[in-house]
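Reading through the structure tokens given below for one structure.
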Amino acid sequence: MKKMIIIVFAIFFLFMTLVAEVPLYSVKGKIHYQKQGVIYLFLLNEELYQAKKNRQTPYQLSIVIGPEQLKDKSVSFEIPNVPRGRYCLVCYQDIDDNKQLDKGLFGPTEPWCIYNKPQGAMGRPQFKDIAFYVVKDISAIEIELQ
């Protein structure tokens, strides 16, 4: 009988450990823009950042900037339900509506931004240089599309 009670408590404890809720946070901020077009914002972990293409992430937004929104010059965003982890933010504005960031000889030809990119850095930064930790709600992110 004693073994049975111990086994039941062990199973109960294991079950409660497995179903314990993972804390989720939100990442909020503002995106500043100058042009009309859809803004795409991606919250990426290191693996997705390194992938460069086909970035399927549940943490992405698309925000339409039409003539009415153009006069505001900024828009607020919120990415909810983000688990604890290390991430980066990549953002671009699709001016020609082809659903991709157009690039030329010297880099992107459409407005874009990598949040936390070191000033004066040329080329694509390493993840470690732009990453930040989500361990609580974040609400003061400012992204300037250029």
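The values are calculated or read from the model by the stated rules, or taken from the named source; none is laboratory data. Bear in mind that the values here come from a model prediction, so they are computed numbers and not experimental data. As a convention, Cβ positions derive from the backbone with ideal geometry for all residues, glycine included, and neighbour counts pool all protein chains shown.
Answer yes or no: is there a residue in the stretch 91-104 that is of a type in the set (Val, Ile, Thr) and more than 20 Å from Val38 (Cβ to Cβ). There is no residue in the stretch 91-104 that is of a type in the set (Val, Ile, Thr) and more than 20 Å from Val38 (Cβ to Cβ).
Taking the listed residues Ala131, Ala51, Ala121, Ala140, the one that is without any contact (Cβ under 8 Å) to a residue 12 or more places away in the chain, of a type in the set (A, V, I, L, M, F, W, C) and within 30 Å of Glu21 (Cβ to Cβ) is Ala51, with no other qualifying.
Looking at the stretch 1-82, the helices (runs of 4 or more DSSP H) lying wholly inside it that each contain 1 or more residues that are acidic (Asp, Glu) and either more than 24 Å from Lys136 (Cβ to Cβ) or modelled with pLDDT under 95 (or both) sit at 46-51, 67-70.
Residues checked against (1) over 16 Å from the mean Cα position of the chain (by Cα); (2) surrounded by 12 or more Cβ atoms within 10 Å (Cβ to Cβ); (3) part of a strand (DSSP E or B):
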site	(1), (2), (3)
Tyr92	no, yes, yes
Lys99	yes, no, no
Glu110	yes, yes, no
Cys113	no, yes, yes
Pro118	yes, no, no
Ala121	yes, yes, no
Arg124	yes, yes, no
Asp129	no, yes, no
